[in-house]
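Reviewing the structure listed below.
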Number of protein chains: 4
Amino acid sequence: MANSKYAYVRNFELPDPLLPGTFLVFRLDGHSFHRFSDAHEFAKPNDVRALQLMDHAARDTMELYPDIVLAFGDFLLKKSTSIYNRRQSKIVSTLTSQFTSSYVFYWPRYFPNTPLQYPPSFDGRIVLYPTEKVVTDYFAWRQADTHINNLYNTTFWALVQQGGQTPAEAHATLRGTFSKDKNEILFSRFNINYNTIDSRFRKGSILVREEVDDDVLPLDVKIQASGEHVPQHSGSPSRAKSPRSGAIDAPGTSVPAPVLVSSDP
Amino acid sequence: MANSKYAYVRNFELPDPLLPGTFLVFRLDGHSFHRFSDAHEFAKPNDVRALQLMDHAARDTMELYPDIVLAFGDFLLKKSTSIYNRRQSKIVSTLTSQFTSSYVFYWPRYFPNTPLQYPPSFDGRIVLYPTEKVVTDYFAWRQADTHINNLYNTTFWALVQQGGQTPAEAHATLRGTFSKDKNEILFSRFNINYNTIDSRFRKGSILVREEVDDDVLPLDVKIQASGEHVPQHSGSPSRAKSPRSGAIDAPGTSVPAPVLVSSDP
Amino acid sequence: MANSKYAYVRNFELPDPLLPGTFLVFRLDGHSFHRFSDAHEFAKPNDVRALQLMDHAARDTMELYPDIVLAFGDFLLKKSTSIYNRRQSKIVSTLTSQFTSSYVFYWPRYFPNTPLQYPPSFDGRIVLYPTEKVVTDYFAWRQADTHINNLYNTTFWALVQQGGQTPAEAHATLRGTFSKDKNEILFSRFNINYNTIDSRFRKGSILVREEVDDDVLPLDVKIQASGEHVPQHSGSPSRAKSPRSGAIDAPGTSVPAPVLVSSDP
Amino acid sequence: MANSKYAYVRNFELPDPLLPGTFLVFRLDGHSFHRFSDAHEFAKPNDVRALQLMDHAARDTMELYPDIVLAFGDFLLKKSTSIYNRRQSKIVSTLTSQFTSSYVFYWPRYFPNTPLQYPPSFDGRIVLYPTEKVVTDYFAWRQADTHINNLYNTTFWALVQQGGQTPAEAHATLRGTFSKDKNEILFSRFNINYNTIDSRFRKGSILVREEVDDDVLPLDVKIQASGEHVPQHSGSPSRAKSPRSGAIDAPGTSVPAPVLVSSDP
């Protein structure tokens, strides 16, 4: 065969299996999203449409990959997963690609009057966590981070949008402040009670697969997050007709739909 | 800080640098593209629109990442590249994401009457090649593969579309045949001279960055490939206005546009 | 500095940290030990001197590396260990080297009349286990293996040494037999009650560090192994004078001596 | 089989192949050799016996592993080597173990009146270099380092041993000095012409395998090193009788003996 004298090049492909019996956290970040949000005039401090689009892409990815049991910005795959034989590059590239594809595909649904100006990209990586405790601490860390960032951003943009400060002045105002100081600024200057802000913003959205499995963390009781409780996807007629949904709903695969859960009343 | 007791979870993120001084080949594959091509009724054996869209996404990715010096289905990054400090997951996920995003974004331009039915995905991986010789052999291997596959597919679909054979019959006809047999079938039964078929199909498209650099392979003389010779991108007005193109064209970055080259007269 | 133009070669040294929070099992194998045991006329099926030398080298290694909590052929390091910053090559090469060095160094003590004919070597590797359950299963697997091998070897050598069979005949006699068959052969033909054989041979020797630590497996109740119960090392005057033992016994390092434990009365 | 329910633990052993087509440099360091050299009263600045023992252990290792083509403190394996299928841990632990074993085994030959007080250990690691140029630069870097260190040590110990300075004073004397200053101190104060010192000390010993192979660097012309030119090993009767040497000298394996080469007249 003409091809055979070159076939040795395949030997340079090395295996990259991830350690079995460990939880996989797939971390995802937008590439240059500061510029992207400016170019598309995202509302500040939070753009509901952009968050809903993110949730949609996350739900889409979760539906296609049943071993993802939780999404909270990042994705948690159950420790017993044998997806793609736990090959690292295959998993990280496929999940990043799927999320990206869904994000671009569903953009017009959430931004009907804002055409996408250029193709956005994301990057991903996988971190292994050996025990439930560390995974839980990981998501607690991420959630504390969400809280800290959102309180900062909310106060910052109140100072700019309603207080008339320049961004530089607003940063200066906030320098060295604690959470209680920011709460006080919001309340006394702008009559905003931070605790009444939509928990989607304060705590982030979490998607949890509805299933009972001793391989899965009882995360719904451990992680306090927020969002709508409606499993929007399963009622989505356009998806129900798509070839992939059909495949997934086929007998034998039985993938419970992920749902948005909220810890708030 | 509330966050600090959880910060230890960051210790689980391990470094994944790629060996310096080696060529990076970024390999890219479509996920379930057999189904995808059926769902969108791609022409057989080759769909020009689909190939042009692939070329566009590849050119887009190449423009954004100047260290990519060649694209031929897969992408070659020069061996001195320090992109993302050569972190494997970062590179593989970002490039896969960018290609995917461009593919979905530009779909309507190439398939104006065929709406995308669902978000397609790709997977990527990186293979390191230590020397010019192995890289050249790698692309020679890929190109020989392209030739073998295209000759098979061209003959197969001629038997089905023009010869009235079922797919099973066509596979049976081709079993055990050599290249000269397939050429003979094409010529004697269907009056097709394989050598006059568009070289884009026979040899694949190659994008080579126009630059002179001793770190870069003189691949134009080593790899025989095909495509249009027009640097379409630089004349594309819609891209010229995009924020990213602007950034790339800014003084100081100086990224020569990749061009499609052809080895045919 | 004359050296600086070459200093870039250090960039080729890549990090190789092991995942935190996982148990390290350091596996050790003799290199060509079949030949080695022939060359030094080890007694069959078990040579007490050779086993004692192995135990001595293991105890030596354990004394020097306090994070080793158990040795049973292989070595278990506690999951919180930060030895050499968990750098894989450093750990695997150092432990293999130390064991090898002790083995050669103490050879004359156990083989006073058999000079070592050439320097023997070993190879090592590290396997990560994320949970106590998997570690325990690992050692259970190893111990079951020890039992199976020893019963086979004991019966094989009885057939050869006392039964007058050739090795080929002995293998043929044992083909397809179960444990009860081998026990029956030993008892009926050679009047050997396998259960009364020294448990060191039947179950292997295990060294467990005497300490209480919630990071450490309660392996003494989980793994059934055998050996002498005397903490020989701490009474060893020659070691007590060695520089290293001195260092280890220095205030602040507090390394409890490993002891041989036995599950037998 | 009793063992089968535990056999899953083998899945935790992950492959660790090294990239093909790259040179392997096996780096080796003594563990706590400052203390070791004090405990055995090594001569300063260089102990000929200790260096000869090192050379012997290196030559031994090189004889047993024909793919080692050069030893200069570290070991170079040819880029086409398929030793142990290029498994990293296997290679690094085996080579470290062999060197260690030979070092302890041959100690009495070089230190007949100085009993080894405790088993010394070494650690190793492997660095991949993709091209001849980088490998050559690596060894140039190592050799420059040897020169710098030896000049410093020679001057330091002259100041202490012949000049009556304390170690602290000697370090202070040398602070900020260049090579020519140290040469001057040696010559003017102690009448030592540094260039006439044994090149073994000034440049280090290098062992190069005598073979012609296009896979191997023409290192003899590129690296300037020093040592005796006598292939001591092949004349060593005790080795010639050893089982391993016998195996290596067997027809078909044809392993040329490494020799010490010198660039000095």
Quick count over the stretch C:180-210, residues being within 15 Å of C:Y152 (Cα to Cα) and within 15 Å of the chain's Cα centre (by Cα), is 4
- Query: Quick one: is A:A39 farther than 26 Å from B:L18 by Cβ, at the interface with chain B (Cβ under 9 Å from one of its Cβ atoms) and buried (at least 19 other Cβ atoms within 10 Å of the Cβ)?
  - Reply: no
All-but-one check, B:D60 against (1) of a type in the set (D, E); (2) within 19 Å of B:L207 (Cα to Cα); (3) not in a helix (DSSP H, G or I), failing number (3)
D:T94 fails exactly one of (1) under 30 Å from D:D181 (Cβ atoms); (2) touching a His at 6+ places or on another chain (Cβ under 7 Å), namely (1)
When (1) at the interface with chain D (Cβ under 7 Å from one of its Cβ atoms); (2) at pLDDT below 95 are applied to C:Q98, the one that fails is (2)
#### Entry: Test for A:F12: is it of a type in the set (F, W, Y) and buried (at least 18 other Cβ atoms within 10 Å of the Cβ)
yes
For the stretch A:7-26 the number of residues that are within 7 Å of another protein chain (Cβ to nearest Cβ) and of a type in the set (A, V, I, L, M, F, W, C) is 5
In the stretch D:132-146, anything at the interface with chain C (Cβ under 7 Å from one of its Cβ atoms), under 16 Å from the mean Cα position of the chain (by Cα) and surrounded by fewer than 21 Cβ atoms within 10 Å (Cβ to Cβ) is listed as D:A140, D:W141, D:A144, D:D145
Restricting attention to the stretch D:1-42, the residues that are in contact with a helix residue (DSSP H, G or I) (Cβ under 7 Å, 6 or more places away or on another chain) and assigned to a strand (DSSP E or B) number exactly 6
Among the residues of the stretch D:105-125, the number that are facing chain C (nearest Cβ under 7 Å) and either surrounded by 24 or more Cβ atoms within 10 Å (Cβ to Cβ) or out of contact with any Pro (no Cβ under 9 Å at 6 or more places or on another chain) (or both) is 7
- [ ] State yes or no: is C:Y129 within 10 Å of chain D (Cβ to nearest Cβ), among the aromatic types (F, W, Y), touching a Ser or Thr at 6+ places or on another chain (Cβ under 8 Å) and buried (at least 21 other Cβ atoms within 10 Å of the Cβ)?
- [x] yes
Note on the stretch D:160-189: residues among the hydroxyl-bearing types (S, T, Y) and over 18 Å from D:N149 (Cβ atoms) are D:T166, D:S188
Taking the stretch C:157-197 and keeping only residues that are among the small types (G, A, S) and farther than 16 Å from C:P45 by Cβ, one is left with C:G164, C:A168, C:A172, C:G176, C:S188
For the stretch A:42-62, the count of residues that are more than 14 Å from the chain's Cα centre (by Cα) and buried (at least 23 other Cβ atoms within 10 Å of the Cβ) equals 0
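A quick yes/no check of all residues on (1) at pLDDT 95 or above; (2) within 11 Å of chain B (Cβ to nearest Cβ); (3) within 27 Å of B:S102 (Cα to Cα):
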{"position": "A:A2", "(1), (2), (3)": "no, yes, no"}
{"position": "A:K5", "(1), (2), (3)": "no, yes, no"}
{"position": "A:R35", "(1), (2), (3)": "yes, yes, yes"}
{"position": "A:A58", "(1), (2), (3)": "yes, no, yes"}
{"position": "A:Y65", "(1), (2), (3)": "yes, yes, yes"}
{"position": "A:T81", "(1), (2), (3)": "yes, no, no"}
ask   = Can you spot a residue in the stretch C:84-91 that is more than 10 Å from chain D (Cβ to nearest Cβ), surrounded by fewer than 20 Cβ atoms within 10 Å (Cβ to Cβ) and either touching a strand residue (DSSP E or B) at 6+ places or on another chain (Cβ under 7 Å) or under 16 Å from C:F122 (Cβ atoms) (or both)?
value = yes
Of all helices (runs of 4 or more DSSP H) fully inside the stretch D:100-211, the set with 2 or more residues that are among the hydroxyl-bearing types (S, T, Y) and more than 19 Å from D:D29 (Cβ to Cβ) is D:132-161, D:179-190
In the set B:D74, B:D29, the lone residue that is surrounded by fewer than 18 Cβ atoms within 10 Å (Cβ to Cβ), of a type in the set (D, E) and more than 9 Å from every other protein chain (Cβ to nearest Cβ) is B:D29
When (1) out of contact with any Ser or Thr (no Cβ under 8 Å at 6 or more places or on another chain); (2) farther than 21 Å from C:V134 by Cα are applied to C:T96, the one that fails is (1)
Do the conditions hold for A:T94, that is, is it farther than 30 Å from D:L14 by Cα and among the hydroxyl-bearing types (S, T, Y)?
no
Taking the conditions exactly as written (at pLDDT 95 or above and assigned to a loop (DSSP other than H, G, I, E, B)), does B:P45 satisfy them or not? no
For A:Y65, the lone unmet condition from (1) without any contact (Cβ under 8 Å) to a residue 40 or more places away in the chain; (2) under 22 Å from A:V160 (Cα atoms) is (2)
Reported set for the stretch C:190-210 where residues are surrounded by 14 or more Cβ atoms within 10 Å (Cβ to Cβ) and over 16 Å from C:V48 (Cα atoms) is C:F190, C:I192, C:Y194, C:L207, C:V208, C:R209
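The values are calculated or read from the model by the stated rules, or taken from the named source; none is laboratory data. As the structure is a computational prediction, the values presented were derived from the model and not from experiment. Cβ atoms come from the backbone with ideal geometry, glycine included; neighbour counts cover every protein chain shown.
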